[in-house]
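Data first, discussion second: the structure below is written as structure tokens.
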């Protein structure tokens, strides 16, 4: 968890230096930190899975195109939202990219502040996702503290079974079930079964 | 008969049963040829046998005649001898008892002697001897040349004398030679008186004389009569001429006998001229027949070989002709069809029987193209058919039209005289259709390619321009953002504004580059003969015009001054205008599809006019006619007239149009005459 790396950046990938510079300037005027990459290859070489932020990708570049770069990122399990900048006539390609999970695309010439708005949304989305991932990592840590028997009990509680039924299924006394149950609640930091379910429910926004 | 014919049939190729050449007769078997030879040989043999038989019969007949004659001769002689013997017997007593024969009273005896010594009798002398053998007398009187008495001992006469006295009957002596190359013999006749021998009368015969006297003229004419002794030596002959013929007959000369033989030889057998002539003419005739037969046979063989060669050649040609996909048809000088091959029949759908003998118009002439077909027809008959062929639209029996390429060549007979025209016809409709499709495809492709290229270019251009513009826009927005937020840093702003200026320059550079690219295709001016350029352009579009049925009327002014222009561009304009004209007439009736092209000089300008008979140009179209990307055609780019006008302007000329009186449009393309 390296603080500088964890800082969200808008990564600008464009082979035109003026465009990179202008976008960086634009983003700065809206308080968005950005990093500029002169080519898809350079960006891919530097890319790390724990980066935060978003990617602004020009579709038409001299060497590797934006789409190829996007495909490569998908393969690597990139989670950063990707915003495509397209020229005239590249719209069908951009739509294809959207279907594959790109965040958005803007057709040149675009309203610059609209682009910044999209970038900001992308950054927020990424941040939320990051937070989620952190929560889930916490839950996983809490779950790891449970004994196997406590986990068995917890699964049955989550399904909504009563203590008596759990005791029957696990062939233990009701008293023991109650002990396990209170231990699980304690370890997981919840006060009720409903809270526990909320904590474990996946894909929460 | 059947077997040999069959075997010889195998070798003869059977021609296809169509058209003129008759079936060559099968070669006659070999024995066929021996028949006349055998007949001739038999004939000659028969004639020869007949002649030989005749000849033999002749010879036999001759021999028989000869023998007859000889027998007659012999008999004649014998008769003479007997008569002489009798006379001598009669004379005997008178001669021997008489005292003197020379006395006058002995006249009767004299006369009788004389009679006996008649030359006809053959006797040359008569002697009479007494009982003692002494000569008592002789008539003619005795001479030295003849010896009697003592000499009789020496001569064979003494033997005869004694023999006759003993036998008491006449006896002939041997022949003996006497001087003067004569041969004599004697006959001794004993004379008895009262049973007593009183003497002998001797008759002397000369063989030579006898032959001379006793052989009649007709006999000696026909035969040579000779007498030979027992040694075979000829002692006397009637003629000195020696005979030629071998035909001879020999009989003993009796009564003298004693080895004398009478030989009769035919002088010469009659030469039978007629039979000889007959024989020789027969020979000559036979030889002539054999020779002519042999010649005939050779001729026949040669003819047969030629026929066979002709037959196989004919079959070969026939097969070749039938296997062709090219239709062939022959016509006589009047245009009447005299021959068509199967491919032709297949093509038009009428059978050869139906077509042969027809005069134009032919049933396969398409009614709508009748005028042109007639034109081509008369062109061919006039001998003006182009050697590369004429394309013509024809009709099948079912009414389907097809395009045929017709190539005509004069049909020359064996004497070198032209008897008509041979035409080959190829169905080119498929080919044409394919070509047409390919051409359309090509055109479409080219149009697409042009569009794609232009699209690419436009796209690249847009992207290139987009970059600096996007940068400018972003800088600009950034600046605005800063101003809005109030945290304006002057140095920062100055730097960004500089950057904006740089990007604006960059955009300008891109635009300049595009301009430069466009300017690369600048015209290359040179001195141009406008008429020649127009002709060339017409040449380029002519195939297309033919296909569309458009006639191009050229009306070019002569001796136009030269102009300074890019010939390729001028050509481009001309082709474009002609194409437009033809396109405009696509729905005009075929007969009116005429495009008029004129050139003329007017006030220092050369003007090319292209006038069509199309629909004309409606006013709403006329406004936009020269605008780029404006087109009324499905496949058009809308650049043609625009480019044309640009070219005209580049040459300091003009491109205008006006409605044509009577329908259609006239385009005027003017170019200034070079001032020099």
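Values quoted throughout were computed directly from the atomic coordinates according to the rules given, and no laboratory measurement underlies them. None of these values were measured; they are calculated from a predicted model. All Cβ positions, glycine included, derive from the backbone under ideal geometry; neighbour counts span all protein chains shown.
The table below gives the values:
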quantity	calculated
Helix A:66-76 axis, angle to chain A major axis (alpha carbon atoms, nearest 10°)	20
Likely footprinting exposure, B:310, B:465, B:260, fewest C-beta neighbours within 10 Å first	B:310, B:465, B:260
10 Å Cβ neighbours from other chains, averaged over peptide B:461-467	5
Percent antiparallel among DSSP beta bridges (both partners in the protein assembly as shown, rounded to 5)	80
Cα long-axis angle, helix A:148-159 against chain A (0 to 90 degrees, to the nearest 10)	80
Rg to Rh quotient for segment B:504-601, alpha carbon positions, Kirkwood Rh	1.18
Contact order relative to length of segment B:526-672, as percent, for alpha carbon pairs under 8 angstrom and 6 or more apart	23
Rounded FRET efficiency, nearest 0.05, which uses the C-beta distance separating residue B:388 from residue B:532 and R0 of 25 Å	0.55
Descending semi-axes in whole angstrom, ellipsoid equivalent of segment B:42-88, from the Cα gyration tensor	45, 4, 4
Nitroxide proxy distance, nm - points 7 Å out along Cα→Cβ at residue B:274 and residue B:97	6.6
Approximate spin-label separation residue A:174-residue A:152, in nm, with each point projected 7 Å along Cα-to-Cβ	2.0
Calculated Rg and Dmax of segment A:146-200 using C-alpha coordinates, Å	10.1, 28
Residue-averaged 222 nm ellipticity for the protein assembly as shown, from DSSP H runs of 4+ at -39500 (n - 2.57), nearest 500	-17000 deg cm²/dmol
Length-normalised contact order of segment A:146-200 in % [C-alpha pairs under 8 Å, at least 6 apart]	36
Nearest-0.05 FRET efficiency for residue B:497 and residue A:129, computed from C-beta distance (R0 51 Å)	0.85
Residues residue B:47 and residue B:310, FRET efficiency given R0 of 30 Å [Cβ-Cβ distance, rounded to 0.05]	0.10
Percent of Cα pairs exceeding the 27 Å cut-off, where the set is segment B:263-415	51
Residue exposure sequence - B:63, B:169 - by fewest surrounding Cβ within 10 Å	B:169, B:63
Diffusion coefficient, µm² s⁻¹, Stokes-Einstein with Kirkwood Rh over alpha-carbon pairs of segment A:3-133 at 4 °C and 1.567 mPa s	89
nm² value of the averaged projected area, convex hull over the Cα atoms of segment B:526-672	8.5
Calculated P(r) tail over 18 Å for segment B:325-424, as whole % of Cα pairs	43
Projected area, mean over directions - the protein assembly as shown, Cα convex hull, nm²	111.0
Cα long-axis angle, helix A:174-188 against chain A (0 to 90 degrees, to the nearest 10)	30
Peptide A:106-113 - average C-beta neighbours from other chains (10 Å radius)	4
Ranking of B:136, B:624, A:108 by count of other Cβ atoms within 10 Å, fewest first	B:624, B:136, A:108
